[in-house]
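Single-structure report; data block below.
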Amino acid sequence: MDRVFQAKKEAGKFVWLDQSLMAEYIQSLQDGLYGLVIKNQYKGRSNQQNRYLFGVVYKLIADETGHTPEEIHEHMRWRFLRKYGGKLETVRSTTSLSTRDYSPHRRAASAW
């Protein structure tokens, strides 16, 4: 089973947020070859971002077009969050977006 342990980099050093739990997990592993993946973690979209998008941007568009904010949301997801994987086209959920990725989506929806 994969486990995720978070760390912060401060003053050039990694500081593990739950070092004792990580050490306990490592001790429980059987001998073998393991890999360590380090990647940036971003906060998910904020409630404030979501409220602005639905309460201001989508509401303005909905009022002009006669659609509901939820219908506008689905259209904006289809328009700006599509991704292509081989022959299959999917649409990302805004709940999967980080605050960093959510801002361009909001700007694109606002500009539309």
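Taken together, the values in this text are just the output of simple stated rules run on the coordinates, not laboratory data. Note that this is a predicted model, so its numbers are computed, not measured. So basically every Cβ, Gly included, is an ideal-geometry build from the backbone, and we count neighbours across all protein chains shown.
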Given the conditions (1) without any contact (Cβ under 8 Å) to a residue 24 or more places away in the chain; (2) touching a helix residue (DSSP H, G or I) at 6+ places or on another chain (Cβ under 9 Å); (3) exposed (fewer than 10 other Cβ atoms within 10 Å of the Cβ), and given that GLY12 satisfies all but one, which numbered condition is not satisfied? (2)
Given the criteria surrounded by fewer than 12 Cβ atoms within 10 Å (Cβ to Cβ) and not acidic (Asp, Glu), does TYR84 qualify? yes
Taking the condition assigned to a strand (DSSP E or B), free of Cβ contacts under 8 Å to residues at least 40 places away in the same chain and farther than 14 Å from ALA109 by Cα, does GLU24 pass? no
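Any chance region 59-82 includes a residue that's within 30 Å of LEU17 (Cβ to Cβ), touching a Lys or Arg at 6+ places or on another chain (Cβ under 7 Å) and of a type in the set (A, V, I, L, M)?
Scanning region 59-82, I find no residue that is within 30 Å of LEU17 (Cβ to Cβ), touching a Lys or Arg at 6+ places or on another chain (Cβ under 7 Å) and of a type in the set (A, V, I, L, M), so the answer is no.
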All but one of (1) among the hydrophobic types (A, V, I, L, M, F, W, C); (2) loosely packed, with under 12 Cβ neighbours inside 10 Å; (3) touching a Pro at 6+ places or on another chain (Cβ under 8 Å) hold for VAL37; state the number of the condition that does not hold. (3)
